[in-house]
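**Student:** Sharing a structure below in structure tokens format, with a few things to ask.
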Amino acid sequence: MAYGLTDRWARLINLGGLSGRKKAMEEVRDKLSSTTRKFVYLIAMYDPTGDPNLTDAIMTQLKTFVGQLDTIQKIAPEAKTQKARLQEAAQVQRLVLDSQLGESLKSSLATKFDEVVSQYLITNKVIERIDDKALPFRERAKRLVMFCTGGVLTVGKATSIARDSVVGYLRRKDFVSEYTSDIAEPAEKEKAIREFYALLAKTGFNVGT
């Protein structure tokens, strides 16, 4: 479908050969409404066993395009919420990591998205806002765990920033007493802790950390 759409566009702009396909790829990409769709398209056009000239053109477009995505707002310009912006950035990175792109290019692109998301987390104090001191300690701990596993973080530094916050909670000497401070019955305290550690295990945390 991607190739058919590109060839059709090249005919519409009346350009043939490699230069026509390059121009058509740029214009089709720019007509797509989201960064995710742009990457789905360009990655679909990429064939490691195909014409080296076309492969180089796609790689050049990817590098050039990603170089322009220096803020999360540019990655997800139509997203209405912080969660939606983060989800789209993480989704695009996943597309890159799961693609047939060469390892060097794949790594550089994935790292770029992670750098943008990491900077967003730090600049906007996202973790600090989730860990709202006005909320009960137990709710704060759960919110952080769910944030780490909600598909909103890129692989790399961004994931480490969030997961380190959870590990910091677990390593607190008074974690259990703080987590259950508003629960009177010993049996209910034990139940709350068991459920929290079950959540940790379910979401991929090493509960022995």
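Please treat every number below as a calculation from the coordinates, not as lab data. Quantities reported herein were computed from a predicted structural model and do not represent experimental measurements. Methodologically, a virtual Cβ is constructed for each residue, glycine included, from the backbone with ideal geometry; neighbour enumeration extends over all protein chains shown.
**Student:** Using each residue's phi in region 118-134, evaluate 6.51 cos²θ - 1.76 cosθ + 1.60 at θ = phi - 60° and report the 3J(HN,Hα) Karplus result to the nearest Hz, with x for Gly and Pro.
**Tutor:** Each residue of region 118-134 in turn: 4, 5, 5, 4, 6, 4, 8, 6, 4, 4, 4, 6, 5, 7, 5, 5, 6 Hz.
**Student:** Also, I was wondering about something else. Just name one of Ser160, Thr180, Leu200: the one whose Cα is farthest towards the positive end of the charge dipole of region 132-202 (beta-carbon charges, Lys/Arg +1, Asp/Glu -1).
**Tutor:** Selected residue: Ser160.
**Student:** Same structure again: Please give, to one decimal in nm, the separation of the simple spin-label points placed at Gln82 and Ala2, each 7 Å out from Cα toward the Cβ.
**Tutor:** 3.3
**Student:** A further question on this structure: Subtracting the Cα-Cα distance from 0.36 nm times the residue separation, let me have the gained length for Met146 to Leu12 in nm, one decimal. Write down the numbers at each step before the final one.
**Tutor:** Values: separation 134, 0.36 × 134 = 48.24 nm, distance 4.80 nm.
Separation in residues times 0.36 nm, less the Cα-Cα distance, equals 43.4 nm.
**Student:** Another question about this same structure. When the helix-only estimate is applied to the chain (DSSP H runs of n ≥ 4, each -39,500 (n - 2.57), divided by the residue count), what is the mean residue ellipticity at 222 nm, nearest 500 deg cm²/dmol?
**Tutor:** On the way: 12 runs with 148 residues, N = 209.
Helix contribution divided over all residues of the chain: -22000 deg cm²/dmol.
**Student:** May I ask you to derive the FRET efficiency for Asn53 and Arg129 from their Cβ-Cβ distance with R0 = 35 Å, giving the value to the nearest 0.05? Before the final figure, lay out the partial values.
**Tutor:** Values: r = 48 Å, r/R0 = 1.38.
Plugging the Cβ-Cβ distance into 1/(1 + (r/R0)^6) gives 0.15.
**Student:** Where does the charge balance sit around Asp7 when Lys and Arg score +1, Asp and Glu -1, over other residues with C-beta under 14 Å from its C-beta? Don't skip to the end; give the middle numbers.
**Tutor:** On the way: positive: Arg8, Arg11, Arg21, Lys22, Lys23; negative: Glu27, Asp51.
Net local charge, Asp7 excluded: +3.
**Student:** Here's something else I'd like to know. Expressed in nm to one decimal, what extension gain is obtained for the pair Leu97 and Ser160 from 0.36 nm per residue of sequence separation less their Cα-Cα distance?
**Tutor:** Details: separation 63, 0.36 × 63 = 22.68 nm, distance 1.76 nm.
Separation in residues times 0.36 nm, less the Cα-Cα distance, equals 20.9 nm.
**Student:** Answer with a single label: of [x] 1.33; [y] 1.02; [z] 1.22, which was calculated as Cα Rg over 2.2 N^0.38 Å from the structure in view?
**Tutor:** Checked against the structure: label [x].
**Student:** Here's something else I'd like to know. Mind checking which of Thr81, Thr49, Thr35 has the largest fluctuation in a GNM of the chain, springs on alpha carbons under 10 Å?
**Tutor:** For the chain, modelled as a Gaussian network with Cα springs under 10 Å, the answer is Thr49.
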